[in-house]
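Structure first, then comments.
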Amino acid sequence: MSAQDPVSDPAPLTSTDPAAEPADVRFLLIDGHAMAFRAFFALPADSFTDGRGQATNAVYGFVRMLVNVVQSEQPTHVAVAFDLAGGTFRDRIYDQYKGGREETPAQFIGQIALIEQVLDALGVTWLTVEDYEADDIIATLATRTAADGGSALIVSSDRDAIQLVNDAVTLLQPVKGMTELRRMTPAAIEEKYQVPPERYPDLAALVGETADNLPGVPGVGPKTAAKWITRFGGLEGVLAHADEITGKAGQALRDHREDVERNRRMNEAVRDLDLPADLARYGLGRGDTIALGGIFDDLAFGPTIRRDIPAVFLAPGGASAAEQGTGPEGPDPADVQRPTPEQVPALLRETFADGAALDLRGSWELGEGDCDLLALASADDLAVIDLVGLDDVAERAVAGWLADASIPKVAYDTKLAAHMLAGRALEVAGWRTDLAIAEFLCRPDQRPTDLPGLALRHLQEDLAASSAAAQQELDLEGADEGAEAERWARRADAVRRLEPLLRADLASHTVEALHDELELPLAGVLGQMERTGIAVDDDVLAELDAQHAQQQTDVAESAFSHIGGDRINLGSPKQLQEVLFERLGMPRTRRTKTGYTTNAEALEDLFAQTSHPFLADLLAHRDVTKMRQIIETLRRSISPAGRIHTTFHQNIAATGRLSSNNPNLQNIPARTEEGRRIRSAFRTSEGYEALLTADYSQIEMRIMAHLSEDAGLIEAFRSGEDLHNFVASRVFDVEPDAVDPAMRSKTKAVSYGLAYGLSAFGLSRQLRISQAEATALRDGYFERFGGVRDYLRSSVEKARETGYTETILGRRRYLPDLTSDNRQRRENAERVALNSPIQGSAADIIKLAMLRVDAALREAGCTSRVLLQVHDELVVDIAPGELDAVRTIVAEGMGSAYELSVPLSVGMGVGRTWLDAAH
DNA sequence: ATACTGGTATG
DNA sequence: TCCATACCAGTATT
C-alpha cells in the first residue's frame, strides 16, 4: 500500500475552449529547475552573458530545449513547474532531505527569474506551489490530463517523475546535452529498471536516492530491489515478507526497514494539488513577440534562437496577447467544411460572398503548375474545396468566384497562387493583399531580429514545411485527405488572421498606396510574364557550348604546360594560391579570409608585373568556364515547350528592384562580344515577329538631377547633349568639343560613383589613378555641381534623423546602422542611404512603366507582351503587324511613367533575337 | 546533406 | 575600402 493517503480523484480539467476537447490534449510538462540546472552545466557560462555580467547559459539552453520539444512533439498545452526556495513538506518528514548538496553556483543565480520572464513573453504558463516541489505540480497536471483522456509528456531529469509514466503519460529524459531526449514509455522503463513505472518508487525506496540524500538498504541495488518487488508484488509485499528473505541483504532490509518506509513516503508524488484547472491557461499561441524581442535584446541573444521560436508560441499575427485578447478566435480548423461538388456553388455564393483568404495545394515550376485543393478562410468559416472532380456547375462557380473582382481575396503569395490556378485555367481578380509583399514593404531588410515580422516569417516557414510534408505524403501516397484539408484550412486561416495586422503595418509605414497601386497589380503582370516565358533556341546554345568546350580544354592544356604539366584544379582558389604564391613565387595579393585573392583584377595586376603566360591562360579559362556554366544553366531551364520561365521576386532586393532566379535572366552577359552571343539564343516566339528591347538611358543620373535639383545637372539633361561629355566639359572647364575620352570616362565614373557613396579610395582604384588625383577629381565635380553635393549630404542627414530613406513613391528602407558606433557599419549604412533612394526610385519608375505598358497593350487589343525586365530595360515580344503600335505604347509608357524635372529618355531596338534587338 | 567562401555575371 | 542581385565550384562542417 502506498505510504501516502489514498489519492483523491483528480479534478477534471475544465475547458473554456470548445476547440480543445480534453481527449485531444497533448500536455507538455517541464521541470523548470531541473532542466535549467542541466542547461547550466551543458553550456559554458562564460560564453553566454548579457554583456552586463549576468550569465545566460541556463536561459539559453532551457529555451533551446523548450523550442525543440515543442517543435518535435507538437503539444497543445504547456506548463513549466518550478521549485520554490523555501522548504517543502518533505523537509518536515526528514530533516536531512536533499542535504549535503553543493551551494548553488553564483552564475546560476538569477537565471531562473530570467527563464520565467522569457516564459511570460512566450505565453507559457509557469507554476510554483508553496510547500511542494515541481514534481508534485507535474504529477497533478499529468494525472488530471490522463484522467480526462488526454496525453501528457514530461520533461524532467528527476527520477521521481518515473512513477508518473503510463500509457497516457510519457517521460522525456535528457540523455546528453540539452536537446537529446530519451522517450520513456512504460515498456522502456520496465526494460531499464525491471519494474513497471508505478513500482519504481518502491525500487527507489529500497535502493535510496543519493541526489536527495535518502539512504536506502546497504548492499541492495536496483537488481536486487527489482527481484524482490517482482517476487512479492510490490514494496508492501517485500516488507510483509521481509523475514523470508535470507542472506545479508535480507538482514540489511530488516535493519533499515524504517528508512525504506520513510523513503517511500518521501518519493510519492502528490497528485492532487490545487492548481488552475482552466485548460486555456496552458494553451499555446499566447506569446508576445514585442516583449520577447525586448527580453532577447536584454539577454543579448542572437538571431539564431529568435528565428527558431516557432510560430506556435506567438499570438496570431504576432501581436501581443493583450491586444488580441486571449484564447484562439475564429473557426476551428478541425471543423473545416469539405463541400461536395453540389455544395460548392452555394458555399461560394453564401459563405464566401464577401471574400476570403485563400491558399492552394499545388505546384509551379518550369512554366507549368497545377493545384488540387483550394482552402478558403473567412472570419467565421473554413472550407477546403477539392478542385479535382468538380462537375461543370461547380467548376463555373469556382471560376466565377475567383474572377469576380468585387470579391476581395488575400494570399501569402498572390503570384504563386495565380500560377497554380492558371494551371487549371482559372483566373483570379480582386486581390486585396499580398502578405509577402506587404511584409517586405514594411521591412525590406528582413533581419531575423525584427520581431514584429517574426510571426509572418514563421507563417512562411510553416507554409513551406506544410507544402513539403504534403508533397512527401503525396509521393508516398499516404496522404490522409482529412488531415490535409485541416492543414490547408489552417494555413488559409493564418493568412486571414494576419491580413489586418499587415494592413495596419502598411498604413503605419505609409506604403499602402505602394502596395495597392504598384506592387500588387505588378504581381499580376509579373505572373503573366513568368507564365509566358521567353523562347530559347537550344541549338544555338548547344553550338556555343560545343565551341566553348573545345576552347576550354585547349586553354586548360596550355595553362598546365606553363606550370610544368601539373594538372591542378583551375577552379580551386586554394590550389591556385599554392601554384602562384608558393611554387611560382609571385608577389602576394590582397588578403582574403582564407588566403590571398586570385580574382581577375589581381591576376591582371600580376600579369602586368610578371607576364607569366599561365595567368593569361587562367583568366581565359575562367571566362570560358563561366560561359559554359551560364549556357548549361540556361539549357537545363528550358521547358519542353522550348521556353525559359524565370521567377521574378518583388521581396528580395531591399532597394525595391526585382530579382530574377531559376534561372536568373537579369545577368545574361552583355558587356563582352563573346558573352553577348548567348543573347542570340533568346528569340521571338513562334507566331511572333520580333523582340523589342527598350531601356532607360542614365535613369539613375536623371533621378539624381531630379532629387538634387542641381541646376547644372538638370541643364545637362535638358540640353539633350551627351551627359558625360557635358559634365566633363564643366568639370575640366573646357569646351564640349574639347572633352577627350579620358576626361569623359573619369567624370562618368565619378557620376555613377556618387550614387554609390564612392570614396576617394574606391574612385582611385576604379580609375587606377592616385588617391590625391581622385580626391581632386571629386572636389572639382562637387565645385561645379554643388547641388549634388548638398543633396547627398542632406539626404544622409535626413535618413539619420528619421531612421529611413525614401524613394519618389515613398518606398522606405530603414537603416538603424546610420547611428551605429561601429565606423564600418555606420559608413556602410551611409553608402546605402545614398544609393537606395536613387536605385529604389529607378525601380519605382520602371514598375510604373510596366503597369502602364501592360495596360496599354491590353487596351489596344495587342497580342504583343512584355517578357522580361532587367532593371532599366524591358523585353517585349512583338506580334505581327504590331511593331509600330508597340513602339509607341512602350515609348509612351516608359517615357511618361513618372514626371521628373528632367525628361526620361528611352532607347529602343528591334530584332529577331535579344542580341539583334540591342541598340 | 548543408553552409560558407571566392569568384563572376548583370544593372 | 562602391550600390543591388544570382549562381557556381570548391571547401569545410554536421
Looking for whichever is within 16 Å of DNA strand B (Cβ to nearest atom) and at positive phi here; the options are A:G564, A:G595. Which one fits? A:G595
Residues satisfying the stated conditions in the range A:725-755, i.e. within 16 Å of DNA strand B (Cβ to nearest atom) and either open to solvent by 60 Å² or more (accessible area, probe 1.4 Å) or within 19 Å of A:H706 (Cα to Cα) (or both): A:K748, A:S751, A:Y752, A:G753, A:L754, A:A755
Could you check the range A:727-747 and list, in sequence order, the residues that are in a helix (DSSP H, G or I) and more than 16 Å from A:E783 (Cβ to Cβ)? A:P736, A:D737, A:A738, A:P741, A:A742, A:R744, A:S745
Pairs needed: first member in the range A:509-520, open to solvent by 30 Å² or more (accessible area, probe 1.4 Å); second member anywhere, among the polar types (S, T, N, Q); C-beta distance under 9 Å; at least 6 residues apart or different chains. A:D516/A:T433
Looking at the range A:836-853, can you tell me whether even one residue there is at pLDDT below 95 and among the charged types (D, E, K, R)? no
Among (1) more than 16 Å from DNA strand B (Cβ to nearest atom); (2) among the charged types (D, E, K, R); (3) open to solvent by less than 50 Å² (accessible area, probe 1.4 Å), the one test that A:D617 misses: (1)
Note on the range A:673-689: residues within 37 Å of the chain's Cα centre (by Cα) and within 11 Å of DNA strand B (Cβ to nearest atom) are A:G675, A:R676, A:I678, A:R679
I'm trying to understand the selection: among the residues of the range A:604-626, which are under 32 Å from the mean Cα position of the chain (by Cα) and either under 19 Å from A:E530 (Cβ atoms) or touching a residue at least 40 places away in the same chain (Cβ under 8 Å) (or both)? none
Selection status of A:G294, open to solvent by 20 Å² or more (accessible area, probe 1.4 Å), at pLDDT below 80, in a loop (DSSP other than H, G, I, E, B) and not hydrophobic (A, V, I, L, M, F, W, C): no
Return the only residue of A:E484, A:E499 being open to solvent by less than 50 Å² (accessible area, probe 1.4 Å) and under 30 Å from A:R852 (Cα atoms). A:E499
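Quick grid of which residues meet (1) surrounded by fewer than 18 Cβ atoms within 10 Å (Cβ to Cβ); (2) under 19 Å from A:M529 (Cα atoms):
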position: A:E859; (1), (2): yes, yes
position: A:S864; (1), (2): no, yes
position: A:A879; (1), (2): no, yes
position: A:I889; (1), (2): no, yes
position: A:G893; (1), (2): no, yes
position: A:L900; (1), (2): no, no
position: A:P903; (1), (2): yes, no
position: A:G907; (1), (2): yes, no
Given the structure, is A:T625 part of a loop (DSSP other than H, G, I, E, B), open to solvent by less than 60 Å² (accessible area, probe 1.4 Å) and within 14 Å of DNA strand C (Cβ to nearest atom)? no
Taking the stated definitions as given, is A:L818 aliphatic (A, V, I, L, M), surrounded by 15 or more Cβ atoms within 10 Å (Cβ to Cβ), out of contact with any helix residue (DSSP H, G or I) (no Cβ under 7 Å at 6 or more places or on another chain) and closer than 30 Å to A:L848 by Cβ? no
Would you please list the contacts, defined by Cβ atoms under 8 Å and residues six or more apart or on different chains, that run from a residue in the range A:541-557 that is assigned by TED's automatic domain parsing to the domain that holds A:A620 to a residue that is open to solvent by 30 Å² or more (accessible area, probe 1.4 Å) and of a type in the set (V, I, T)? A:Q552/A:T625
Filter the range A:368-384 down to the residues that are buried (at least 21 other Cβ atoms within 10 Å of the Cβ) and touching an Asp or Glu at 6+ places or on another chain (Cβ under 9 Å) and list them by number. A:L373, A:L374, A:A375, A:L376, A:A377, A:L382, A:V384
Please verify whether A:L763 is without any contact (Cβ under 8 Å) to a residue 24 or more places away in the chain, within 16 Å of DNA strand B (Cβ to nearest atom) and open to solvent by less than 20 Å² (accessible area, probe 1.4 Å), treating the condition exactly as stated. yes
Return the pairs, sorted by first residue and then second, in which the second residue is in a strand (DSSP E or B) and more than 10 Å from DNA strand B (Cβ to nearest atom), the first residue lies in the range A:657-671 and is under 18 Å from A:E632 (Cβ atoms), the beta carbons are less than 6 Å apart, and the residues are 6+ apart or on different chains. A:S660/A:F648; A:N661/A:T647; A:N662/A:T647; A:L665/A:L868
Report yes if A:L570 is touching a His at 6+ places or on another chain (Cβ under 9 Å), assigned to a helix (DSSP H, G or I), over 30 Å from A:L868 (Cβ atoms) and of a type in the set (A, V, I, L, M, F, W, C), otherwise no. no
Has the range A:562-569 got any residue that is surrounded by fewer than 17 Cβ atoms within 10 Å (Cβ to Cβ), small (G, A, S) and at pLDDT 90 or above? no
Of the candidates A:V495, A:V540, A:V555, the one satisfying the condition of being within 22 Å of A:A418 (Cα to Cα), of a type in the set (V, I, T) and part of a helix (DSSP H, G or I) is A:V495
Which of the residues belonging to the range A:136-158 are in contact with a strand residue (DSSP E or B) (Cβ under 7 Å, 6 or more places away or on another chain) and either open to solvent by 10 Å² or more (accessible area, probe 1.4 Å) or not in a helix (DSSP H, G or I) (or both)? A:A146, A:G150, A:S151, A:A152, A:L153, A:I154, A:V155, A:S156, A:S157, A:D158
Condition test on A:L634, is it within 12 Å of DNA strand C (Cβ to nearest atom), of a type in the set (A, V, I, L, M, F, W, C), more than 30 Å from A:R811 (Cα to Cα) and in contact (Cβ under 8 Å) with a residue 12 or more places away in the chain? yes
What pairs come up if the first residue lies in the range A:251-275 and is within 14 Å of A:A139 (Cβ to Cβ) and at pLDDT 85 or above, the second is among the aromatic types (F, W, Y) and part of a loop (DSSP other than H, G, I, E, B), and their beta carbons are under 9 Å apart, counting only those six or more places apart or on different chains? A:V270/A:Y132; A:L273/A:Y132
Residues satisfying the stated conditions in the range A:574-606, i.e. open to solvent by 80 Å² or more (accessible area, probe 1.4 Å), in a helix (DSSP H, G or I) and away from DNA strand C (no atom under 12 Å from the Cβ): A:E582, A:R583, A:E604
Does A:A45 satisfy being surrounded by fewer than 18 Cβ atoms within 10 Å (Cβ to Cβ), among the aliphatic types (A, V, I, L, M) and in contact with a strand residue (DSSP E or B) (Cβ under 8 Å, 6 or more places away or on another chain)? yes
With the condition kept exactly as written, say whether any residue in the range A:639-652 is in a helix (DSSP H, G or I), open to solvent by 20 Å² or more (accessible area, probe 1.4 Å) and either touching a Gly at 6+ places or on another chain (Cβ under 8 Å) or more than 11 Å from DNA strand B (Cβ to nearest atom) (or both). no
Having 1 or more residues that are among the hydrophobic types (A, V, I, L, M, F, W, C) and within 16 Å of DNA strand C (Cβ to nearest atom) is the bar; report the strands (runs of 3 or more DSSP E) wholly within the range A:810-919 that clear it. A:865-869
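The values are calculated or read from the model by the stated rules, or taken from the named source; none is laboratory data. Note that the structure is predicted; figures quoted are calculated from it, not measured. All Cβ positions, even for glycine, are placed from backbone atoms using ideal geometry, and neighbour counts span all protein chains on display. Just so you know, the surface numbers come from the protein's heavy atoms only, side chains and all, with ligands and any DNA or RNA stripped out. Shrake-Rupley method; radii C 1.70, N 1.55, O 1.52, S 1.80 Å.
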